[in-house]
There are 2 protein chains.
Amino acid sequence: MSVRYLTARIAQQIDEELMGSVGAFSIDQLMELAGLACAQALATVYDRTRYPRVLVCCGPGNQGGDGLVAARHLGMFGYTPTIYMPKPGSKDIYKRLKTQCDNMGIKTLPPSSDAEALTTALSSSDVILDAIFGFSFKGPVRPPFDEALPSLTNSKLPIVSVDIPSGWDVEAGKIETLGLEPDVLVSLTAPKEGVKLFKGRHFLGGRFVPKIFADKYQLNLPEYPSFAQIVEFTTVDGSHRL
Amino acid sequence: MSVRYLTARIAQQIDEELMGSVGAFSIDQLMELAGLACAQALATVYDRTRYPRVLVCCGPGNQGGDGLVAARHLGMFGYTPTIYMPKPGSKDIYKRLKTQCDNMGIKTLPPSSDAEALTTALSSSDVILDAIFGFSFKGPVRPPFDEALPSLTNSKLPIVSVDIPSGWDVEAGKIETLGLEPDVLVSLTAPKEGVKLFKGRHFLGGRFVPKIFADKYQLNLPEYPSFAQIVEFTTVDGSHRL
């Protein structure tokens, strides 16, 4: 049995059930484990001695929250993250996550950062964590991200994308020219339909899906090794297999 | 510089600041990372193939919450945890953490479990996770734990204690005869004064203390390896050193 690739609707449904009365998770818990997994996947591929400076790009939604958690953990791991979050989310949790990063001495670019400021930040970064758009993304890409995505691509820096590369359609994949081309992908909970043909290194994180949910949605998740919070999909003949 | 051992008062103060306006952490976040660290420390020492059945003993306070989180993660790691929680905490978070365990198919002994039921559960367990009393414990040990602690000791099973072995004074150490004698200790945030002379394997978890707090309280925490959530203290001549 191979892993199930989720539609945007099913991904949304699982997320709601995890945080509803059945799943009983708080968003704080899920974001903490998701963000930790993203930080660990980045650290697995990009060693902090060679890639110390991480530009963590956060969108205004929950994906951005995962990014903020990842930034904090990367700081704990000895990296020097910088946060690019041009449209900060308004929810209380984002503010708290941001404060937690501030307490780590993690710098954030001013919210009004223009393309030039982003390019300057990119020139002093070694790797990008893309936590801009997640599984609830619906195109087209709006400002300021319509200018930000090409800047990230043009930097030629390695990119680690969270869940779905920013600019990609959650189900159809890379259909917009400004969609990123990440080197590494960290799917959360389960991979989405749009990344079926992704060719880079592909990790799964979010080791919190209880058996009743995994069974109900026939996720056929790969087995995580021992007590790890991430598992890497292996590629056979270019297609992702378990 | 060696690690600082905390008094009960300082431990309480750091905890409050982490969750106050400065630290900005939610209890959900801290418990998630603390419980994950406990589960990983247990899994590091007691392999699931030889020690599959874990009796997770939870007190009525936050320590019990850490235990519930650890039970869920142990279930994720492939162990078969059973929860002993004779006095369930009333806070909403404990109920949600318990539901999360239920969704993993993790069994809980009935709340009214007597000493006999506990002894029966112990006879079909391979290792104990002691999350009964934490750094806010003040003796004496009251029912039903005054009977439970000797049962745990008499089982001769290996014991992994969270933060402070149950029955120990947070600062004076093992002064009550019914205090447990754990094989493994998982200190959270920073070790407490009472465990200075602890001779077993000693881990630190809770990789969430921001630098401003670590500096302010001169914690001199050991360096966690790469992206691990636990670090083991090394013992030189019987005393714990970094």
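If you restrict to DSSP beta bridges whose two residues both lie in the range B:8-241, what percentage is antiparallel, to the nearest 5?
Antiparallel: roughly 25 percent of the beta bridges in the range B:8-241.
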**Q.** Using a 7 Å Cα-to-Cβ projection, residue A:119 label spacings across copies, nm, ascending
**A.** 7.8
Q: Using Cα centres only, tell me the gap between the range B:19-45 and the range A:121-197 in whole Å.
A: 30 Å
Q. How high is the relative contact order of the range B:8-241, in percent, counting Cα pairs under 8 Å that sit 6 or more residues apart?
A. 18 percent
Q) When Cβ neighbours within 10 Å are restricted to other protein chains, what is their mean count per residue of peptide A:210-216? A) 3
**Q.** Average beta-carbon neighbours from other chains, 10 Å sphere, peptide B:14-26
**A.** 3
Q. What percentage of all Cα-Cα pairs in the range B:113-242 are separated by more than 21 Å?
A. 44 percent
Q) When only DSSP loop residues count, what trypsin sites (Lys or Arg not before Pro) in the range A:1-97 have their Cβ near at most 11 other Cβ atoms within 10 Å? A) A:50
Q. How far is residue B:136 from itself in the other copies, in nm, if each label sits 7 Å out from Cα along the Cα-Cβ line, shortest first?
A. 3.3
Q | Closest approach to the A/B rotation axis among chain A Cβ atoms, residue and whole-Å value | A | A:28, 2
Q: Mind listing the label-point distances from residue A:78 to the same position on all other copies, shortest first, one decimal in nm, points 7 Å along Cα→Cβ?
A: 2.9
Q: Would you kindly compute the Cα radius of gyration of the range B:8-241 and its largest Cα-Cα separation (Dmax), both in Å?
A: 16.5, 48
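May I ask you to list the trypsin sites (Lys or Arg not before Pro) in the range B:125-221 that are in a DSSP loop and have at most 11 other Cβ atoms within 10 Å of their Cβ? Don't skip to the answer; put the middle values down first.
Numbers: sites: B:138, B:156, B:174, B:192, B:196, B:199, B:201, B:207, B:211, B:216; in loops: B:138, B:156, B:174, B:196, B:199, B:207.
Qualifying residues, ordered by number: B:138, B:156.
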Q | FRET efficiency estimate (nearest 0.05) - Cβ-Cβ, residue B:13 to residue A:1, R0 60 angstrom | A | 0.70
Q: Mind checking the per residue accessible area of chain B for me, 1.4 Å probe, whole number of Å²?
A: 40 Å²
Q: Would you mind getting the Kirkwood hydrodynamic radius of the protein assembly as shown from its Cα pairs, rounded to one decimal in Å?
A: 23.1 Å
Q | Residue mean of other protein chain beta carbons inside 10 Å, A:93-99 | A | 3
Q | Calculated over the range A:6-130: convex hull of Cα atoms, volume per residue (Å³) | A | 116 Å³
Q) What is the spin-label model distance, in nm, from residue A:197 to residue B:177 if the labels are put 7 Å beyond Cα along the C-beta direction? A) 7.5 nm
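The values are calculated or read from the model by the stated rules, or taken from the named source; none is laboratory data. None of these values were measured; they are calculated from a predicted model. Note that each Cβ is placed from the backbone with ideal geometry, even for glycine, and that neighbours are counted across all protein chains shown. Side chains included, ligands, DNA and RNA excluded: accessible areas come from the protein's heavy atoms. Shrake-Rupley method; radii C 1.70, N 1.55, O 1.52, S 1.80 Å.
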